[in-house]
Amino acid sequence: DTAVSQTPKYLVTQMGNDKSIKCEQNLGHDTMYWYKQDSKKFLKIMFSYNNKELIINETVPNRFSPKSPDKAHLNLHINSLELGDSAVYFCASSQGGQGDAAEQFFGPGTRLTVL
Amino acid sequence: AQSVSQHNHHVILSEAASLELGCNYSYGGTVNLFWYVQYPGQHLQLLLKYFSGDPLVKGIKGFEAEFIKSKFSFNLRKPSVQWSDTAEYFCAVTLTGFKTIFGAGTRLFVKA
């Protein structure tokens with residue numbers, strides 16, 4: 001069984017469009033994350049939710065809006081897509097954020113290409 | 001500002017060579033330390049972690065790392081690499097409040 005899943009795996013779209021990426025985890029974790037990995041493989045946290053509450057919101061354009069309908073899901077909606085949004089987006093989850101519980105489990109990634 | 005530095009961006013080794021990847025962080029508080037690996041075409045997975053206790057931790061596939069608090073370092077080592085270790089390696093630090101900072105990654109290529 002897949003622990004952290006993301007859909008879609010690939011997303012190709014035009015500039016200016018609005019798109020969503022979905023993430024689901026079946027690990028029973030209470031914390032979920034969105035990361036952006038750029039073309040140089042640099043991985044940067046964007047958002048984190050703990051028990052459906054937003055706890056980390058890094059310097060991300062407000063075109064990006066996360067939504068957590070429940071603890072098992074964290075979706076990412078992107079408005080007015082720009083060329084610079086092209087990247088691989090990873091979802092992750094953990095059970096808490098401290099000590100041994102801070103280990104994160106990552107999804108397979110969504111490769112977004114904006115044309 | 002908090003940061004994680006990985007000293008080598010690209011490393012090329014022959015099989016059976018020893019590996020050491022450097023990682024330093026800048027944060028004065030309590031940290032949890034991780035090394036994650038990303039094999040070609042795959043997602044990140046945990047290699048090993050440190051949160052307390054023995055500063056020498058052992059992970060999967062023969063990897064180990066040593067936490068040296070005085071040097072703010074958490075270097076990854078493996079005595080003898082294999083071709084299958086070719087991957088991108090990320091050092092990560094989790095601070096209080098759930099925030100995790102990743103290093104820029106080190107791309108390891110092992111020649112068969």
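The values are calculated or read from the model by the stated rules, or taken from the named source; none is laboratory data. Keep in mind the model is a prediction, meaning the values are calculated, not measured. Note that each Cβ is placed from the backbone with ideal geometry, even for glycine, and that neighbours are counted across all protein chains shown. Surface areas here come from the heavy atoms of the whole protein model, side chains and all, with no ligands, DNA or RNA. Shrake-Rupley method; radii C 1.70, N 1.55, O 1.52, S 1.80 Å.
Points to keep in mind about this one:
- Chain B, Rg to Rh (Cα coordinates; Rh as Kirkwood inverse mean 1/r): 0.96
- In terms of accessible area, using a 1.4 Å probe and ignoring ligands and nucleic acids, B:His10, A:His29 rank largest first as B:His10, A:His29.
- Cα gyration tensor, the range B:66-112 - rounded (a/c under 1.5), prolate or oblate: oblate
- Alpha carbon centroid spacing (whole Å) that separates the range A:1-76 from the range B:36-69: 24
- Per-residue SASA entry for A:Thr13, accessible area with 1.4 Å probe, Å² rounded to 10: 10
- Mean Cα-pair separation over length for chain A, i.e. relative contact order, pairs under 8 Å, 6 or more apart, %: 36
- DSSP-assigned coil residues among trypsin sites (Lys or Arg not before Pro) in the range A:23-91, each with at most 15 further Cβ atoms within 10 Å: A:Lys40, A:Lys52, A:Arg63
- Antiparallel %, DSSP beta bridges [both residues in chain B], to 5: 85
- For chain A, the alpha carbon positions stretch 40, 29, 28 Å along the principal axes, listed from largest to smallest.
- Ratio of the Cα radius of gyration of the range A:36-84 to 2.2 N^0.38 Å, where N counts its residues: 1.22
- With R₀ fixed at 35 Å, the C-beta to C-beta distance from A:Thr59 to B:Asn8 puts the FRET efficiency at about 0.80.
- Contact order for the range B:33-110, expressed relative to its length and based on alpha carbon pairs under 8 Å spaced 6+ residues apart, stands at 28 percent.
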